[in-house]
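Below: the structure, in structure tokens.
The values are calculated or read from the model by the stated rules, or taken from the named source; none is laboratory data. Fair warning: this is a prediction, and the values are worked out from it, not measured in the lab. Positions of Cβ are generated from backbone atoms using ideal geometry, with glycine treated the same way; all protein chains shown enter the neighbour counts.
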Amino acid sequence: MNKPVINIFSENIYTDWQVDEAKLIDIARQILNYYINTPEIYNKSCLYEQDYNTISFDILYCDGKKTHEINKEYRNKDYIADIITFAIFADEEPEFRFIFDEEINLGEIILGLDKIIESAKEKGKTKEEELCFLLSHGIMHLLGFDHQTEEDYNFMVSAQNNALKRIEDKNV
């Protein structure tokens with residue numbers, strides 16, 4: 001397979017943290033490239049054995065109030081979230097997955113920046129570190145991974161840590 005074009009669209013509606021969207025799109029692109037070029041991840045992903053030349057997804061940066069609204073309206077969950085993913089491609093049964101003009105739209109990652117800031121403080125991390133970790137987590141979900149078991153959770157976290165370490169090493 002040729003290296004796919006990766007289109008990532010983002011919007012920040014949270015006014016208290018003006019994230020560097022261009023930088024985060026670049027980081028997200030590097031994370032996705034790592035995942036699709038790592039056979040033990042790619043071969044278990046929703047992209048495996050699909051015919052495409054473009055991958056796209058959206059990122060929305062917002063606040064906890066917005067994630068709470070989305071959780072209630074679309075997921076019947078009554079809480080503020082740091083991250084919500086809508087994996088529209090991965091969540092479809094394989095026979096119903098939609099590829100238009102050789103483009104796969106993986107879905108959307110919604111990040112609650114105020115909750116991420118709060119979590120970062122609790123974990124002793126920078127807000128940027130926590131944001132990148134959750135972004136990498138969301139991309140794993142868009143690829144069809146979940147963490148219903150401890151084994152699945154450990155696989156996801158290991159993949160995320162490896163992707164972020166590789167990006168960090170590359171950008172140092």
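Sort out which residues of the stretch 43-74 are among the charged types (D, E, K, R), part of a loop (DSSP other than H, G, I, E, B) and at pLDDT 95 or above, and write them in order of number.
Taking the stretch 43-74 first, the residues among the charged types (D, E, K, R) are 44, 49, 51, 58, 63, 65-66, 69, 72-73.
Add one more test, that the residue is part of a loop (DSSP other than H, G, I, E, B), and what stays is 44, 49, 51, 63.
Within the stretch 43-74, Lys44, Asp63 qualify.
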For residues that are more than 22 Å from Asn161 (Cβ to Cβ), surrounded by 15 or more Cβ atoms within 10 Å (Cβ to Cβ) and hydroxyl-bearing (Ser, Thr, Tyr), tally how many sit in the stretch 1-34.
2
Looking at the stretch 130-138, can you tell me whether even one residue there is of a type in the set (S, T, N, Q), touching a residue at least 24 places away in the same chain (Cβ under 8 Å) and within 15 Å of Ile55 (Cα to Cα)?
no
Determine which single condition Glu40 fails, assuming it passes every other condition in (1) within 21 Å of Lys127 (Cβ to Cβ); (2) assigned to a helix (DSSP H, G or I).
(1)
List the number of the failed condition for Ile110; all other conditions in (1) buried (at least 17 other Cβ atoms within 10 Å of the Cβ); (2) within 22 Å of Glu168 (Cα to Cα) hold.
(2)
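Could you run through the stretch 75-98 and say how many residues are part of a loop (DSSP other than H, G, I, E, B), farther than 18 Å from Ile139 by Cα and either among the basic types (Lys, Arg) or touching a residue at least 12 places away in the same chain (Cβ under 8 Å) (or both)? Lay out the reasoning, then the answer.
Within the stretch 75-98, the subset part of a loop (DSSP other than H, G, I, E, B) is 76-82, 87-93, 97-98.
With farther than 18 Å from Ile139 by Cα added as a condition, the list becomes 76-80, 93, 98.
From what's left, either among the basic types (Lys, Arg) or touching a residue at least 12 places away in the same chain (Cβ under 8 Å) (or both): 77, 80.
Of the residues in that region, 2 qualify.
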Under 9 Å between Cβ atoms, which residue pairs at least 6 apart in sequence (or on different chains) link something in the stretch 158-170 that is over 15 Å from Arg29 (Cβ atoms) with a partner that is part of a helix (DSSP H, G or I) and aromatic (Phe, Trp, Tyr)?
Ala159/Tyr34; Ala159/Tyr35; Gln160/Phe133; Asn161/Phe133; Asn162/Tyr34
Considering only residues that are in contact with an Asp or Glu (Cβ under 9 Å, 6 or more places away or on another chain) and under 15 Å from Phe98 (Cβ atoms), look in the stretch 45-74 and name the one that is surrounded by the most Cβ atoms within 10 Å (Cβ to Cβ).
Phe57
